[in-house]
Amino acid sequence: MAPEPMTDPRSASPTAAAATALRPILGPAGRGLVLVPAFDEAERLGSVLSELARHSAFDVLVVDDGSSDGTCEVARRHGARCLRHPFNLGYGAALQTGYKYAARAGYEVVVQLDADGQHDPRFVPVLAERVLSGAVDACVGSRFLLGEGYIPPRLRRAGMILFGYIASVVTGRRITDPTSGYQALSRRVFEYFQSDVFPTDYPDADMLILLHRAGFRVEERPVAMRPAPGGRSMHSGLRPLFYVFKMLLSILVTLLREPPPRADA
Amino acid sequence: MPLSQRALVVGFAFALTLVIFELVRKRRLREEYSWLWLLFGAGVLCVSFLPFSWMKAIARALGSETPTAVIYFVGFIALILICLQFSVRLSRITEQIKNLGQQLALLEAERDASSAPPDEDGPEPQG
């Protein structure tokens, strides 16, 4: 009888085949993925990606949320893989596309980083390590724990303090930076976020509350942040009031809903 | 209610129902959206055939002086319900479009990855 041919166990299922196809640019050693949602960021993305490459060996995925300025080309020139939304779907949806990608490709940790250079890439390995070591399921970078770097103006801080207070009361833990998008998420978390439970509108404090209610361990770590160049941050402009209203509604809805069951629970 | 008024309402209700049927027949309006509008047209038709004394009685029971106010109020509520139903549909469609867009982006990446020449320690041959 002929010996059974050696088969790669990963190729047994369709998902495994997809994982092979999506497998990282840096080879199978890549356990982590840095997820960079970007919309019309061709100007700044390049410097963010080259700075990131100096501090992290993780694969990089840019999710181009329907840009018209060649964001994807910049990303590819810098060695990142780029997924392209056919049209603008919003920041939260771009994050979720990244989660879906990471889940298919079989990464163990996703670190999300803003494309406008707000997040200092030095902290990517720090946040990822907390998750990879199994200490926590989600590690959120807080700009208020380090005592250095950019602290936003008072009016914007007021909103952060309000949502930080609400999130702290709900989760029973001190949350200093509820609007931070600088986060490392474990595989269990981003698999959970693939479904419609993920708040794709503005994933901020409501996302932290959702994580807590679903029983994930969340922790804050100090990071440094910079002012968004050109002031084109998600939370600036004429939108703060609307944002506060929407966020309060979103938190309320998250609290009123039954926390959806986790796939692994 | 004067006869001219009643004729107007009956005519309107018939015309509305006819237009809806025609839209469904020409597939310009999906059946799943038509039933609410048909219900609306049928409602208007029913009201237009009610004897005026009944309408007065209904108005009085609802604490209104004139039956016209009641008709306006009921019509207003019906429109709000239809709008609400549209919002629910829109939310679902938004979610579906989002998922489609994401799926498209992921499939494109998969296609590009499998058509690209494998690097030296690339994926093993399948099968």
Fill in the blank from the handout: Residue hits (segment B:31-73; in contact with a helix residue (DSSP H, G or I) (Cβ under 8 Å, 6 or more places away or on another chain), open to solvent by 50 Å² or more (accessible area, probe 1.4 Å) and not in a helix (DSSP H, G or I)) are B:62, B:65, B:66
Completion exercise
Exactly one of A:181, A:172 is over 26 Å from residue A:58 (Cβ atoms), among the small types (Gly, Ala, Ser) and at pLDDT 80 or above, and that one is A:172
Handout entry: Per-region count, segment A:241-256, residues open to solvent by 90 Å² or more (accessible area, probe 1.4 Å) and modelled with pLDDT under 80
Key = 2
Handout entry: Every residue from segment B:60-80 that is modelled with pLDDT of 85 or more and charged (D, E, K, R)
Key = B:60
Practice task
All but one of (1) within 30 Å of residue A:198 (Cα to Cα); (2) open to solvent by less than 80 Å² (accessible area, probe 1.4 Å) hold for residue B:92, so report the exception by its number.
Solution key: (2)
Handout entry: Among (1) touching a His at 6+ places or on another chain (Cβ under 9 Å); (2) closer than 20 Å to residue B:29 by Cβ, the one test that residue B:105 misses
Key = (2)
Practice task
Would you mention how many residues in segment A:169-209 are in a loop (DSSP other than H, G, I, E, B), among the aliphatic types (A, V, I, L, M) and closer than 21 Å to residue A:258 by Cβ?
Solution key: 1
Fill in the blank from the handout: Taking first residues from segment B:32-56 that are among the β-branched types (Val, Ile, Thr) and second residues anywhere that are open to solvent by 50 Å² or more (accessible area, probe 1.4 Å), the pairs with Cβ under 7 Å that are 6 or more apart or on different chains are B:44/B:12; B:47/B:71
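Yes/no matrix, rows are residues, columns are (1) open to solvent by less than 10 Å² (accessible area, probe 1.4 Å); (2) aromatic (Phe, Trp, Tyr); (3) within 14 Å of chain B (Cβ to nearest Cβ):
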{"site": "A:178", "(1), (2), (3)": "yes, no, no"}
{"site": "A:185", "(1), (2), (3)": "yes, no, no"}
{"site": "A:189", "(1), (2), (3)": "yes, no, no"}
{"site": "A:194", "(1), (2), (3)": "no, no, yes"}
{"site": "A:198", "(1), (2), (3)": "yes, yes, yes"}
{"site": "A:210", "(1), (2), (3)": "no, no, no"}
{"site": "A:221", "(1), (2), (3)": "no, no, no"}
{"site": "A:228", "(1), (2), (3)": "no, no, no"}
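The values are calculated or read from the model by the stated rules, or taken from the named source; none is laboratory data. This structure is a prediction, so every number in the text was calculated from the model and none was measured. Here the Cβ is made from the backbone with ideal geometry for all residues, glycine too, and neighbour counts use every protein chain on show. In case anyone asks, the SASA skips ligands and DNA or RNA and just uses the protein heavy atoms, side chains included. Shrake-Rupley method; radii C 1.70, N 1.55, O 1.52, S 1.80 Å.
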